[in-house]
Every structure is written in structure tokens, then in C-alpha cells.
Amino acid sequence: MATEFPSSTFIGIDVDSSFFPPSDKCPPNVCFLTCNVTFGIPFPMETFDFVYLGMMWSAFTESQWSELIKDIVRVLKYDGWIESLEATAHFQNCGKVTKWIEEAEKDVNIRIGALLTKMFESNEELKNIQYVKVEYPIGEWFGCFGKY
């Protein structure tokens, strides 16, 4: 995306810098910042035209999600866009390991994707909220893996 829009600046944020690519592999309009967004997004109000977050479903508790959405709205410019891609795990015929994972994540709602729409809709500053549900069934209950 950064190469498609060279006049824009792209800032990636993560709590762990080991996930960042080497700077010599990135376009010049891309930079990364190490920070924990549960303490707030370290930018002033109305900084960004577009905020993307994805696959963070296991990173935050429900209350942290609620605060994060408020903070995203704070740093978003008027008429800006938010795009969120989050999974909602729905397990069927769970084995021992899957049950263990569900129990281990008791502070984290692994079905947060289903609640995020309501969280976004409850914020009066956000307008024109669109929700798209895409199912990716895997395992025997769906059939042969890879035939979608």
C-alpha cells in the first residue's frame, strides 16, 4: 500500500519490535513504532486519515478493546476511515487442545469480532459503519481442507 501511495506516510505500531521488517526493506514513507496501545496511542487528536487494525483478537480484553476504539476515534481525522479485520472463533467438536486454548484465554474474548461491530456502533462519533462477515470453515466438519 505504501508503494501505491508514495505521498502518504504509513506508521505501524506493535508492542514487540521483533515483528517489524528491517528498515532497508521498507519504502521511505513507512516507519514503525514500538508501544503498548493499552496505554494510549501516542499521537495527537485528528492525526490519521486511515487507521487499520487486524488480527488483534487475542491481544486485548473487552474493556481494553472498548478503550482502544475510543482512542482510535481520537486520533482519526474528521471523515477518516477505520478498517478492522478480526476473527471470531467458533469451535465445533473441540478436542483437548482446543478446549485448553479456550480455557487459557479466559481474560480474552476469542469471539471479540462479533462484539466489535456493536462497540463501533455505540461510538456516536462514527458514521457509515459497514460490517462484512466472511466465514472460513476448516476441519472435517467442512470437508477437505483447501476446497473452499
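Averaging the sequence gap over all C-alpha pairs within less than 8 Å and six or more residues apart, then dividing by the number of residues, gives segment 36-121 a relative contact order of 39 percent. For segment 36-121, lysine pairs with C-alpha atoms less than 28 angstrom apart, excluding pairs fewer than eight positions apart on the same chain, total 6. Karplus-based coupling profile of segment 53-66, in residue order and whole Hz: 9, x, 6, 9, 3, 9, 8, 10, 6, 4, 5, 5, 4, 4, with θ = phi - 60° in 6.51 cos²θ - 1.76 cosθ + 1.60 and x standing for Gly or Pro.
Model label sites at Val134 and Gln64, defined 7 Å from Cα along the beta-carbon direction, differ in position by 2.5 nm.
Across segment 17-91, how large is the tail of the calculated P(r) beyond 18 Å, expressed as a percent of all Cα pairs? Result for the distance tail: 51 percent.
Partner aspartates and glutamates whose Cα lies under 17 Å from the Cα of Lys133, excluding those fewer than 8 positions away in the same chain, are identified as Glu83, Glu86, Glu121.
Here the gap between Thr47 and Lys127, fully extended at 0.36 nm per residue and compared with their Cα-Cα distance, gives a gain of 27.0 nm.
The mean sequence distance of close C-alpha pairs (under 8 Å, at least 6 residues apart), as a share of the length of segment 1-78, puts its relative contact order at 30 percent.
Only the coordinates and a few stated rules stand behind these numbers; no lab work does. This is a predicted model, so every value here is computed, not measured. Cβ sites come from the backbone with ideal geometry, for glycine too, and all protein chains shown count toward neighbours.
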